[in-house]
Amino acid sequence: MRKLIIQIPCLNEEETLPVTLGCLPRVVPGYDVVEWLVIDDGSTDRTAEVARAHGVDHIVQLSPNQGLAKAFMSGIEASLRAGADTIVNTDADNQYDATNIPDLVRPIVDGRAQIVVGARPIAEIEHFSATKKFLQRLGSWAVRMASGADIPDAPSGFRAIHREAALRLYLFNDYTYTLESIIQAGRKNLKIVSVPIRVNGELRPSRLIKSIPLYIRRSLVTILRIFILYKPFRFFALLGLLSLAPGLVIGLRFVLAYASGAGEGHIQSLILSAIFIVAGVLLLIAGVLADLTAANRHLLEDVRMRLLRLEVDRDGSPIRAGDGMAGAVNRGGA
(Lines give C-alpha, C1' and ligand atoms only; values in the text may rest on other atoms or scores of the structure.)
Protein backbone atom coordinates (compact mmCIF):
# COMPACT_ATOMS: atom_id res chain seq x y z
CA MET A 1 0.00 0.00 0.00
CA ARG A 2 1.56 3.28 -1.13
CA LYS A 3 0.96 6.24 1.16
CA LEU A 4 1.28 9.96 0.39
CA ILE A 5 1.43 12.40 3.31
CA ILE A 6 0.92 16.11 2.70
CA GLN A 7 2.62 18.13 5.43
CA ILE A 8 2.00 21.77 6.35
CA PRO A 9 4.31 23.71 8.73
CA CYS A 10 2.16 26.20 10.67
CA LEU A 11 2.66 29.16 12.99
CA ASN A 12 -0.55 30.87 14.09
CA GLU A 13 -2.51 29.81 11.00
CA GLU A 14 -6.03 29.34 12.40
CA GLU A 15 -7.45 31.75 9.81
CA THR A 16 -5.67 30.52 6.67
CA LEU A 17 -5.39 26.81 7.49
CA PRO A 18 -9.07 25.99 6.72
CA VAL A 19 -8.66 27.48 3.23
CA THR A 20 -5.50 25.45 2.61
CA LEU A 21 -6.99 22.20 3.93
CA GLY A 22 -10.15 22.74 1.90
CA CYS A 23 -8.08 22.59 -1.28
CA LEU A 24 -5.98 19.51 -0.43
CA PRO A 25 -6.81 16.23 -2.20
CA ARG A 26 -7.67 12.93 -0.53
CA VAL A 27 -7.07 10.99 -3.73
CA VAL A 28 -3.87 11.25 -5.80
CA PRO A 29 -3.03 8.92 -8.73
CA GLY A 30 -0.29 6.46 -7.83
CA TYR A 31 -1.17 6.26 -4.12
CA ASP A 32 -3.60 4.09 -2.18
CA VAL A 33 -3.79 6.42 0.83
CA VAL A 34 -3.45 10.19 1.15
CA GLU A 35 -3.07 11.64 4.66
CA TRP A 36 -2.50 15.14 5.99
CA LEU A 37 0.00 16.22 8.64
CA VAL A 38 0.20 19.62 10.33
CA ILE A 39 3.27 20.84 12.22
CA ASP A 40 2.13 23.35 14.84
CA ASP A 41 5.36 25.25 15.47
CA GLY A 42 4.61 26.78 18.85
CA SER A 43 1.43 28.56 17.78
CA THR A 44 -0.34 30.75 20.33
CA ASP A 45 -3.69 30.56 18.56
CA ARG A 46 -6.05 27.65 17.79
CA THR A 47 -4.03 26.17 14.91
CA ALA A 48 -4.01 22.64 16.36
CA GLU A 49 -7.73 22.70 17.19
CA VAL A 50 -8.59 23.96 13.71
CA ALA A 51 -6.47 21.19 12.18
CA ARG A 52 -8.31 18.51 14.18
CA ALA A 53 -11.69 20.00 13.32
CA HIS A 54 -10.86 19.80 9.60
CA GLY A 55 -9.85 16.14 9.67
CA VAL A 56 -6.05 16.35 9.73
CA ASP A 57 -4.66 12.85 10.29
CA HIS A 58 -1.48 13.74 12.18
CA ILE A 59 -0.58 16.80 14.25
CA VAL A 60 2.98 17.52 15.41
CA GLN A 61 3.10 20.12 18.18
CA LEU A 62 6.44 21.82 18.91
CA SER A 63 7.03 24.03 21.91
CA PRO A 64 8.43 26.62 21.94
CA ASN A 65 8.65 27.89 18.36
CA GLN A 66 11.51 26.11 16.56
CA GLY A 67 11.61 27.96 13.25
CA LEU A 68 10.60 26.92 9.76
CA ALA A 69 13.57 24.65 9.01
CA LYS A 70 13.16 22.57 12.17
CA ALA A 71 9.40 22.45 11.75
CA PHE A 72 9.95 21.12 8.22
CA MET A 73 12.34 18.42 9.45
CA SER A 74 9.99 17.46 12.30
CA GLY A 75 7.26 16.94 9.72
CA ILE A 76 9.56 14.86 7.51
CA GLU A 77 10.50 12.57 10.41
CA ALA A 78 6.90 12.27 11.60
CA SER A 79 5.74 11.46 8.08
CA LEU A 80 8.36 8.73 7.77
CA ARG A 81 7.30 7.23 11.07
CA ALA A 82 3.71 7.32 9.86
CA GLY A 83 4.67 5.15 6.90
CA ALA A 84 4.87 7.72 4.10
CA ASP A 85 6.26 6.57 0.76
CA THR A 86 6.18 10.16 -0.52
CA ILE A 87 5.92 13.46 1.36
CA VAL A 88 4.54 16.64 -0.16
CA ASN A 89 5.34 19.90 1.62
CA THR A 90 3.13 22.94 1.12
CA ASP A 91 2.49 26.26 2.86
CA ALA A 92 -0.33 27.04 5.27
CA ASP A 93 -1.18 30.31 3.49
CA ASN A 94 -2.45 28.39 0.41
CA GLN A 95 0.21 30.02 -1.79
CA TYR A 96 0.56 26.91 -3.95
CA ASP A 97 -2.24 25.51 -6.09
CA ALA A 98 -3.05 22.10 -4.57
CA THR A 99 -4.47 20.85 -7.88
CA ASN A 100 -0.82 20.63 -8.99
CA ILE A 101 -0.01 17.93 -6.43
CA PRO A 102 -0.56 15.07 -8.94
CA ASP A 103 1.86 16.84 -11.32
CA LEU A 104 4.33 17.34 -8.46
CA VAL A 105 4.44 13.66 -7.47
CA ARG A 106 4.27 12.18 -10.98
CA PRO A 107 8.08 12.11 -11.53
CA ILE A 108 8.38 10.15 -8.27
CA VAL A 109 5.56 7.78 -9.17
CA ASP A 110 7.18 7.19 -12.56
CA GLY A 111 10.58 6.58 -10.96
CA ARG A 112 12.21 9.57 -12.66
CA ALA A 113 13.06 11.55 -9.53
CA GLN A 114 13.46 11.37 -5.77
CA ILE A 115 12.78 15.06 -5.11
CA VAL A 116 10.52 17.34 -7.15
CA VAL A 117 10.40 21.13 -6.69
CA GLY A 118 7.48 23.18 -7.93
CA ALA A 119 8.59 26.14 -10.04
CA ARG A 120 6.37 29.18 -9.61
CA PRO A 121 5.80 31.65 -12.45
CA ILE A 122 7.86 34.27 -10.59
CA ALA A 123 7.73 36.95 -13.27
CA GLU A 124 3.91 36.79 -13.31
CA ILE A 125 3.31 37.00 -9.53
CA GLU A 126 2.11 40.55 -8.92
CA HIS A 127 2.48 40.60 -5.13
CA PHE A 128 6.19 39.67 -5.36
CA SER A 129 8.32 42.82 -5.19
CA ALA A 130 11.26 43.37 -7.53
CA THR A 131 13.59 42.77 -4.56
CA LYS A 132 11.99 39.43 -3.75
CA LYS A 133 12.18 38.35 -7.40
CA PHE A 134 15.87 39.29 -7.45
CA LEU A 135 16.57 37.32 -4.27
CA GLN A 136 14.71 34.35 -5.75
CA ARG A 137 17.06 34.40 -8.73
CA LEU A 138 20.07 34.90 -6.45
CA GLY A 139 19.06 31.96 -4.26
CA SER A 140 18.55 29.72 -7.29
CA TRP A 141 21.97 30.73 -8.64
CA ALA A 142 23.66 30.00 -5.29
CA VAL A 143 22.01 26.58 -5.15
CA ARG A 144 23.07 25.82 -8.73
CA MET A 145 26.69 26.75 -7.94
CA ALA A 146 26.80 24.72 -4.69
CA SER A 147 24.89 21.63 -5.83
CA GLY A 148 25.03 21.40 -9.62
CA ALA A 149 21.23 20.99 -9.63
CA ASP A 150 19.54 23.30 -12.13
CA ILE A 151 16.36 24.23 -10.23
CA PRO A 152 14.83 27.48 -11.52
CA ASP A 153 12.86 28.22 -8.33
CA ALA A 154 15.02 26.93 -5.48
CA PRO A 155 13.22 28.98 -2.75
CA SER A 156 9.91 27.27 -3.57
CA GLY A 157 8.49 25.36 -0.60
CA PHE A 158 6.12 23.29 -2.74
CA ARG A 159 7.96 20.02 -3.20
CA ALA A 160 7.58 16.24 -3.16
CA ILE A 161 10.14 13.98 -1.51
CA HIS A 162 10.49 10.22 -1.88
CA ARG A 163 10.96 8.20 1.28
CA GLU A 164 14.58 7.27 0.48
CA ALA A 165 15.51 10.92 -0.11
CA ALA A 166 13.70 12.02 3.06
CA LEU A 167 15.73 9.54 5.11
CA ARG A 168 18.95 11.16 3.91
CA LEU A 169 18.01 14.82 4.47
CA TYR A 170 19.14 16.76 7.53
CA LEU A 171 19.24 20.55 7.74
CA PHE A 172 21.74 22.69 9.63
CA ASN A 173 20.25 26.07 8.77
CA ASP A 174 17.57 27.42 11.15
CA TYR A 175 16.04 30.09 8.90
CA THR A 176 14.60 28.12 5.99
CA TYR A 177 14.86 24.65 4.49
CA THR A 178 14.44 25.47 0.81
CA LEU A 179 17.97 26.18 -0.39
CA GLU A 180 19.93 23.80 1.82
CA SER A 181 17.74 20.78 1.11
CA ILE A 182 18.34 21.11 -2.64
CA ILE A 183 22.08 21.50 -2.13
CA GLN A 184 22.10 18.36 0.01
CA ALA A 185 20.16 16.50 -2.66
CA GLY A 186 22.63 17.53 -5.35
CA ARG A 187 25.68 16.61 -3.28
CA LYS A 188 24.19 13.24 -2.31
CA ASN A 189 23.41 12.41 -5.94
CA LEU A 190 19.67 12.28 -5.36
CA LYS A 191 17.59 12.65 -8.51
CA ILE A 192 15.95 16.08 -8.36
CA VAL A 193 13.76 17.73 -11.00
CA SER A 194 11.50 20.74 -11.30
CA VAL A 195 7.94 21.00 -12.62
CA PRO A 196 5.92 24.15 -13.36
CA ILE A 197 3.12 24.94 -10.91
CA ARG A 198 0.48 27.60 -10.38
CA VAL A 199 -0.01 29.84 -7.35
CA ASN A 200 -3.05 31.28 -5.61
CA GLY A 201 -3.71 34.84 -4.52
CA GLU A 202 -2.07 36.20 -1.39
CA LEU A 203 -4.00 35.50 1.84
CA ARG A 204 -1.54 37.17 4.19
CA PRO A 205 1.95 38.77 4.11
CA SER A 206 4.92 36.41 4.19
CA ARG A 207 6.10 35.41 7.66
CA LEU A 208 9.69 35.11 6.45
CA ILE A 209 9.76 38.66 5.06
CA LYS A 210 9.00 40.92 8.01
CA SER A 211 10.95 43.71 6.31
CA ILE A 212 12.87 43.86 3.05
CA PRO A 213 16.24 44.89 4.65
CA LEU A 214 15.94 42.06 7.20
CA TYR A 215 15.02 39.55 4.51
CA ILE A 216 17.94 40.62 2.31
CA ARG A 217 20.37 40.37 5.22
CA ARG A 218 19.15 36.95 6.36
CA SER A 219 19.01 35.62 2.80
CA LEU A 220 22.57 36.71 2.06
CA VAL A 221 23.80 35.28 5.37
CA THR A 222 21.99 32.01 4.60
CA ILE A 223 23.59 31.79 1.14
CA LEU A 224 27.04 32.56 2.61
CA ARG A 225 26.62 29.91 5.32
CA ILE A 226 25.55 27.39 2.70
CA PHE A 227 28.74 27.98 0.71
CA ILE A 228 30.90 27.69 3.85
CA LEU A 229 29.08 24.55 4.98
CA TYR A 230 29.04 22.65 1.70
CA LYS A 231 32.10 24.09 -0.09
CA PRO A 232 34.44 24.79 2.85
CA PHE A 233 37.79 24.19 1.17
CA ARG A 234 36.84 26.15 -1.93
CA PHE A 235 35.58 29.05 0.20
CA PHE A 236 38.65 29.31 2.44
CA ALA A 237 41.05 28.58 -0.42
CA LEU A 238 39.56 31.47 -2.39
CA LEU A 239 40.01 33.81 0.58
CA GLY A 240 43.52 32.47 1.11
CA LEU A 241 44.50 33.10 -2.51
CA LEU A 242 43.03 36.61 -2.34
CA SER A 243 45.35 37.24 0.59
CA LEU A 244 48.40 35.41 -0.80
CA ALA A 245 48.33 37.14 -4.19
CA PRO A 246 48.88 40.74 -2.94
CA GLY A 247 51.33 39.45 -0.33
CA LEU A 248 53.48 37.82 -3.00
CA VAL A 249 53.28 40.86 -5.27
CA ILE A 250 54.30 43.22 -2.45
CA GLY A 251 57.03 40.78 -1.40
CA LEU A 252 58.38 40.63 -4.97
CA ARG A 253 58.42 44.43 -5.03
CA PHE A 254 60.55 44.44 -1.88
CA VAL A 255 62.94 41.83 -3.29
CA LEU A 256 63.45 43.87 -6.45
CA ALA A 257 64.04 47.02 -4.42
CA TYR A 258 66.46 45.16 -2.14
CA ALA A 259 68.37 43.80 -5.15
CA SER A 260 68.76 47.31 -6.49
CA GLY A 261 70.14 48.52 -3.14
CA ALA A 262 67.01 50.43 -2.04
CA GLY A 263 65.61 47.82 0.30
CA GLU A 264 65.95 49.94 3.47
CA GLY A 265 63.27 52.28 2.21
CA HIS A 266 60.74 49.51 1.70
CA ILE A 267 60.67 47.78 5.10
CA GLN A 268 56.95 48.57 5.38
CA SER A 269 56.38 46.56 2.19
CA LEU A 270 58.14 43.58 3.75
CA ILE A 271 55.97 43.76 6.87
CA LEU A 272 52.76 44.15 4.85
CA SER A 273 53.77 41.26 2.58
CA ALA A 274 54.42 39.01 5.59
CA ILE A 275 51.00 39.87 7.05
CA PHE A 276 49.18 39.01 3.79
CA ILE A 277 51.13 35.78 3.28
CA VAL A 278 50.64 34.55 6.86
CA ALA A 279 46.91 35.35 6.66
CA GLY A 280 46.67 33.49 3.35
CA VAL A 281 48.42 30.41 4.71
CA LEU A 282 46.21 30.40 7.80
CA LEU A 283 43.10 30.60 5.62
CA LEU A 284 44.33 27.66 3.53
CA ILE A 285 44.92 25.66 6.72
CA ALA A 286 41.41 26.60 7.90
CA GLY A 287 40.09 25.30 4.56
CA VAL A 288 41.80 21.94 5.05
CA LEU A 289 40.46 21.64 8.61
CA ALA A 290 36.95 22.65 7.50
CA ASP A 291 37.08 20.04 4.74
CA LEU A 292 38.04 17.35 7.26
CA THR A 293 35.18 18.48 9.51
CA ALA A 294 32.81 18.21 6.55
CA ALA A 295 33.96 14.62 6.00
CA ASN A 296 33.10 13.81 9.62
CA ARG A 297 29.72 15.47 9.17
CA HIS A 298 29.00 13.22 6.19
CA LEU A 299 29.77 10.17 8.34
CA LEU A 300 27.44 11.40 11.09
CA GLU A 301 24.68 12.05 8.53
CA ASP A 302 25.07 8.48 7.29
CA VAL A 303 24.84 7.12 10.85
CA ARG A 304 21.71 9.20 11.49
CA MET A 305 20.14 7.95 8.25
CA ARG A 306 20.77 4.31 9.19
CA LEU A 307 19.34 4.76 12.69
CA LEU A 308 16.27 6.58 11.36
CA ARG A 309 15.73 3.85 8.76
CA LEU A 310 15.79 1.19 11.50
CA GLU A 311 13.32 3.22 13.53
CA VAL A 312 10.78 3.89 10.79
CA ASP A 313 10.95 0.30 9.55
CA ARG A 314 10.16 -1.06 12.99
CA ASP A 315 6.57 -2.29 13.26
CA GLY A 316 4.43 -0.19 15.54
CA SER A 317 6.97 2.62 15.85
CA PRO A 318 5.23 5.66 17.43
CA ILE A 319 5.08 9.01 15.66
CA ARG A 320 6.81 11.74 17.63
CA ALA A 321 8.55 15.05 17.19
CA GLY A 322 12.10 15.36 15.89
CA ASP A 323 15.01 14.35 18.09
CA GLY A 324 16.01 17.02 20.55
CA MET A 325 12.84 19.08 20.09
CA ALA A 326 10.23 19.51 22.77
CA GLY A 327 6.81 18.66 21.48
CA ALA A 328 4.09 16.11 21.02
CA VAL A 329 2.49 14.33 18.12
CA ASN A 330 -1.15 13.38 18.12
CA ARG A 331 -3.54 11.66 15.81
CA GLY A 332 -5.85 14.24 14.34
CA GLY A 333 -9.45 14.01 13.34
CA ALA A 334 -12.65 15.82 14.04
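The values are calculated or read from the model by the stated rules, or taken from the named source; none is laboratory data. Since this is a predicted model, take the numbers as computed values, not measurements. Ideal geometry is used to build each Cβ from the backbone, glycine not excepted, and the neighbour counts take in all protein chains shown. Note: areas computed on protein heavy atoms with side chains; ligands, DNA, RNA excluded. Shrake-Rupley method; radii C 1.70, N 1.55, O 1.52, S 1.80 Å.
Could you state the angle between the C-alpha long axis of helix 212-230 and the longest principal axis of the C-alpha atoms of the chain, as a value from 0 to 90 degrees rounded to the nearest 10?
So the helix axis and the longest Cα principal axis differ by about 70 degrees.
Any idea what the relative contact order of the chain is, in percent, if you count C-alpha pairs under 8 Å spaced at least 6 apart? Spell out each step's value before the answer.
Working: 594 pairs, mean separation 73.6, N = 334.
Value for the chain: 22 percent.
Quick check for you: with a 1.4 Å probe and neighbouring chains kept, what is the accessible area per residue of segment 222-289, in Å²?
Per-residue value: 63 Å².
Counting only protein heavy atoms and a 1.4 Å probe, tell me what percentage of the chain's accessible area is made up of carbon and sulfur. Kindly include the intermediate steps, with their values, before the conclusion.
Working: 9730 of 15990 Å².
C and S atoms contribute 61 percent here.
Calculate how steeply helix 178-187 sits against the longest principal axis of the alpha-carbon atoms of the chain, using the helix alpha-carbon long axis, and give the answer as 0 to 90 degrees to the nearest 10.
Value to nearest ten degrees: 70.
Quick query: amide H of ARG46 versus all other amide H atoms, modeled in the peptide plane; which residues come in under 5 Å with a sequence gap of 5 or more or a different chain?
GLU14
May I ask you to order 230-236, 301-307 by the average number of other C-beta atoms within 10 Å around their residues, highest value first?
Values: 230-236: 19.0, 301-307: 13.0.
Top to bottom by mean Cβ count within 10 Å: 230-236, 301-307.
Counting DSSP beta bridges with both partners in the chain, what percentage is antiparallel, nearest 5? Spell out each step's value before the answer.
On the way: 13 of 35 bridges.
Restricted to the chain, the bridges split so that about 35 percent are antiparallel.
What angle, in degrees between 0 and 90 and rounded to the nearest 10, separates the Cα long axis of helix 232-259 from the longest principal axis of the Cα atoms of the chain?
Taking the Cα atoms of the chain, the angle to 232-259 is about 10 degrees.
Restricting things to alpha carbons, find the Rg to Rh ratio for segment 221-263 using the Kirkwood radius for Rh. All intermediate terms of the calculation are to be shown ahead of the outcome.
Working: Rg = 16.9 Å, Rh = 12.4 Å.
Expressed as Rg/Rh, it is 1.36.
If TRP36, TRP141 are ordered by their accessible area, calculated over protein heavy atoms with a 1.4 Å probe, which sequence runs from highest to lowest?
Values: TRP36 20, TRP141 115 Å².
Descending order: TRP141, TRP36.
Can you give the percent of C-alpha pairs in the chain whose distance is more than 32 Å?
Numbers: 20271 of 55611 pairs.
The share of Cα pairs beyond 32 Å in the chain comes to 36 percent.
What are the equivalent ellipsoid semi-axes of segment 77-192, built from the alpha-carbon gyration tensor (square roots of five times its eigenvalues), in whole angstrom, biggest first? If you can, show how the numbers build up before the last one.
On the way: eigenvalues 100, 59, 36 Å².
The answer is 22, 17, 13 Å, longest axis first.
Check TRP36: other-chain or 5+ apart residues with amide H under 5 Å from its amide H, H built from backbone geometry?
Those qualifying (amide H under 5 Å, at least 5 residues apart or on another chain) are ILE6, ASP57, HIS58.
Per DSSP H run of at least 4 residues, take -39500 (n - 2.57); add these up for the chain, divide by its residues and hand me the 222 nm value, nearest 500 deg cm²/dmol. If you can, show how the numbers build up before the last one.
On the way: 10 runs with 165 residues, N = 334.
Theoretical 222 nm ellipticity from helices: -16500 deg cm²/dmol.
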